[in-house]
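Before any comments, here is the structure.
The values are calculated or read from the model by the stated rules, or taken from the named source; none is laboratory data. Given the structure is predicted, the values throughout are model-derived calculations rather than measurements. Neighbour counts run over all protein chains shown; Cβ positions are idealised from the backbone, glycine included. Accessible surface is based on the protein model in full, side chains and every heavy atom, while ligands, DNA and RNA are left aside. Shrake-Rupley method; radii C 1.70, N 1.55, O 1.52, S 1.80 Å.
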Amino acid sequence: MTTRALRIFPDPVLRERCREIDCFDENLSRLVDDLAESMYAHRGVGLAAPQIGESLRVMVVDVDQREGAPRLLEFVNPRISAADEELEEREEGCLSFPGEAEMVRRPRRVTVQALDRRGQPFEITAEGLLATAMQHEIDHLDGKLFIDYLSRLRRSLVTRRMKKRSREGE
Ligand code: NI
């Protein structure tokens, strides 16, 4: 397992639509392990493959690590098969936007269907933080980011801060 460098907004890989996985081999297994290690190293509740520069439909989530009982969830080719009409607002951050946090409104409860690293299908229905985290990470696989849910003003403020930071880092 390797902790991989994070891709930070406005890195263009974050806006790509990721490719489906059709080969459940050692490379996939290594990618899932690297995602998990990188997520834990940066204390995130989720991480998607484009955030480490791989434009593939793979992501990990763990919303329980902060309570000291880690429960790693691994998703390959995930999709939302059902979503509540009721929305809930929750503060979100993103490892590709260090230091930023914004309120985002999303369906309160969702069902996600996915495959594990061996290609076995599974389904998870969740609400609360897990529902938010799964939706946030699945968005990453379609090149969608949490700032896309903000008002034009909030989005331009965050974008400006991130671009300034990126220029200063160069
Ligand atoms: Ni994110």
Worksheet entry | Yes/no for Leu129 being in contact with a Gly (Cβ under 6 Å, 6 or more places away or on another chain) and either assigned to a helix (DSSP H, G or I) or under 30 Å from Glu26 (Cβ atoms) (or both) | no
Practice prompt. Looking at (1) assigned to a loop (DSSP other than H, G, I, E, B); (2) basic (Lys, Arg); (3) out of contact with any Asp or Glu (no Cβ under 7 Å at 6 or more places or on another chain); (4) closer than 25 Å to Leu14 by Cα, find the lone condition where Arg117 falls short.
Written response: (3)
Response to the item:
The condition of being assigned to a helix (DSSP H, G or I) and exposed (fewer than 14 other Cβ atoms within 10 Å of the Cβ) holds, among Arg105, Arg66, Arg71, only for Arg66
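Table: residues versus (1) touching a Cys at 6+ places or on another chain (Cβ under 7 Å); (2) among the aliphatic types (A, V, I, L, M); (3) within 13 Å of the ligand (Cβ to nearest atom); (4) within 22 Å of Cys18 (Cβ to Cβ).
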{"position": "Pro70", "(1), (2), (3), (4)": "no, no, no, no"}
{"position": "Phe75", "(1), (2), (3), (4)": "no, no, no, yes"}
{"position": "Arg79", "(1), (2), (3), (4)": "no, no, no, yes"}
{"position": "Asp139", "(1), (2), (3), (4)": "no, no, yes, yes"}
Worksheet item: Out of all the residues in the range 16-31, is one or more part of a strand (DSSP E or B), open to solvent by 40 Å² or more (accessible area, probe 1.4 Å) and within 19 Å of Ala114 (Cβ to Cβ)?
Response: yes
Worksheet item: In the range 119-141, how many are open to solvent by 60 Å² or more (accessible area, probe 1.4 Å) and charged (D, E, K, R)?
Response: 2
Worksheet item: Considering only residues of the range 142-164 that are among the basic types (Lys, Arg) and free of Cβ contacts under 8 Å to residues at least 40 places away in the same chain, which is surrounded by the fewest Cβ atoms within 10 Å (Cβ to Cβ)?
Response: Arg152
Worksheet item: Within the group Ser38, Ser96, which residue is assigned to a helix (DSSP H, G or I), within 15 Å of the ligand (Cβ to nearest atom) and among the small types (Gly, Ala, Ser)?
Response: Ser38
Worksheet item: Got at least one residue in the range 51-60 being in contact (Cβ under 8 Å) with a residue 12 or more places away in the chain, more than 17 Å from Glu92 (Cα to Cα) and in a helix (DSSP H, G or I)?
Response: yes
